[in-house]
Amino acid sequence: MAFIVHICLSDEWQTAQKTGVYRTTSLDVEGFIHCSRPDQVVDVANRYYGNRTDLLLLWIDPSCLAAELRWEASDESIYPHVYGPINIDCINSVSKFLPDEDGIFRSSSLL
């Protein structure tokens with residue numbers, strides 16, 4: 001099974017656990033939730049979340065999403081976008097995602 005990954009703020013995850021669905025601001029503003037393949041996560045984190053220490057990774061099983069999943073081009077790559085809230089029963093695991101001491105995320109951050 002190939003998981004997709006979403007970089008999440010820890011307070012957003014706490015809200016999702018109470019409501020049963022995960023939503024983020026991008027869903028309201030852009031119409032979808034940004035996700036990545038596991039090999040794309042580090043680049044995305046360094047581009048948008050440098051030095052943040054309040055991040056989690058949501059490991060999502062795309063086969064059980066209630067919302068539509070589309071693979072779309074962005075920045076010369078193809079990314080998974082979820083067009084609706086993510087039902088939390090599709091989240092296989094949640095892991096802390098911390099940068100190294102210099103504030104940069106590396107592949108070791110995924111371990």
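The values are calculated or read from the model by the stated rules, or taken from the named source; none is laboratory data. This structure is a prediction, so every number in the text was calculated from the model and none was measured. No Cβ is skipped: glycine too gets one built from the backbone with ideal geometry, and neighbour counts run over all protein chains shown.
In contact (Cβ under 8 Å) with a residue 40 or more places away in the chain, touching a Phe, Trp or Tyr at 6+ places or on another chain (Cβ under 9 Å), over 24 Å from residue 104 (Cα atoms) and not hydrophobic (A, V, I, L, M, F, W, C): does that describe residue 62? Lay out the reasoning, then the answer.
Values: in contact (Cβ under 8 Å) with a residue 40 or more places away in the chain: yes; touching a Phe, Trp or Tyr at 6+ places or on another chain (Cβ under 9 Å): yes; over 24 Å from residue 104 (Cα atoms): yes; not hydrophobic (A, V, I, L, M, F, W, C): yes.
Spelling it out, residue 62 is indeed in contact (Cβ under 8 Å) with a residue 40 or more places away in the chain, touching a Phe, Trp or Tyr at 6+ places or on another chain (Cβ under 9 Å), over 24 Å from residue 104 (Cα atoms) and not hydrophobic (A, V, I, L, M, F, W, C).
Could you list, in sequence order, all residues of the range 27-45 that are part of a helix (DSSP H, G or I) and surrounded by 14 or more Cβ atoms within 10 Å (Cβ to Cβ)?
27, 38, 40, 41, 42, 44, 45
Within the range 15-24, is even one residue assigned to a loop (DSSP other than H, G, I, E, B), exposed (fewer than 13 other Cβ atoms within 10 Å of the Cβ) and in contact (Cβ under 8 Å) with a residue 12 or more places away in the chain?
To start, the set of residues in the range 15-24 that are assigned to a loop (DSSP other than H, G, I, E, B) comprises 20, 23-24.
Keeping just the survivors that are exposed (fewer than 13 other Cβ atoms within 10 Å of the Cβ) gives 20.
Add one more test, that the residue is in contact (Cβ under 8 Å) with a residue 12 or more places away in the chain, and what stays is 20.
Among the residues of the range 15-24, at least one is assigned to a loop (DSSP other than H, G, I, E, B), exposed (fewer than 13 other Cβ atoms within 10 Å of the Cβ) and in contact (Cβ under 8 Å) with a residue 12 or more places away in the chain, which makes the answer yes.
Give the range 67-96 a look and list any residue that's part of a loop (DSSP other than H, G, I, E, B) and modelled with pLDDT of 95 or more, or say none. Break it down stepwise before answering.
Residues of the range 67-96 that are part of a loop (DSSP other than H, G, I, E, B), as a first pass: 67, 75-76, 84-85.
The answer is 67, 84, 85.
What about residue 101, is it out of contact with any Ser or Thr (no Cβ under 9 Å at 6 or more places or on another chain) and either surrounded by 15 or more Cβ atoms within 10 Å (Cβ to Cβ) or in a strand (DSSP E or B) (or both)?
Values: out of contact with any Ser or Thr (no Cβ under 9 Å at 6 or more places or on another chain): yes; either surrounded by 15 or more Cβ atoms within 10 Å (Cβ to Cβ) or in a strand (DSSP E or B) (or both): no.
The answer is no for residue 101.
Which ones in the range 49-66 are in contact with a strand residue (DSSP E or B) (Cβ under 8 Å, 6 or more places away or on another chain) and either part of a helix (DSSP H, G or I) or loosely packed, with under 12 Cβ neighbours inside 10 Å (or both)?
62, 64, listed by residue number.
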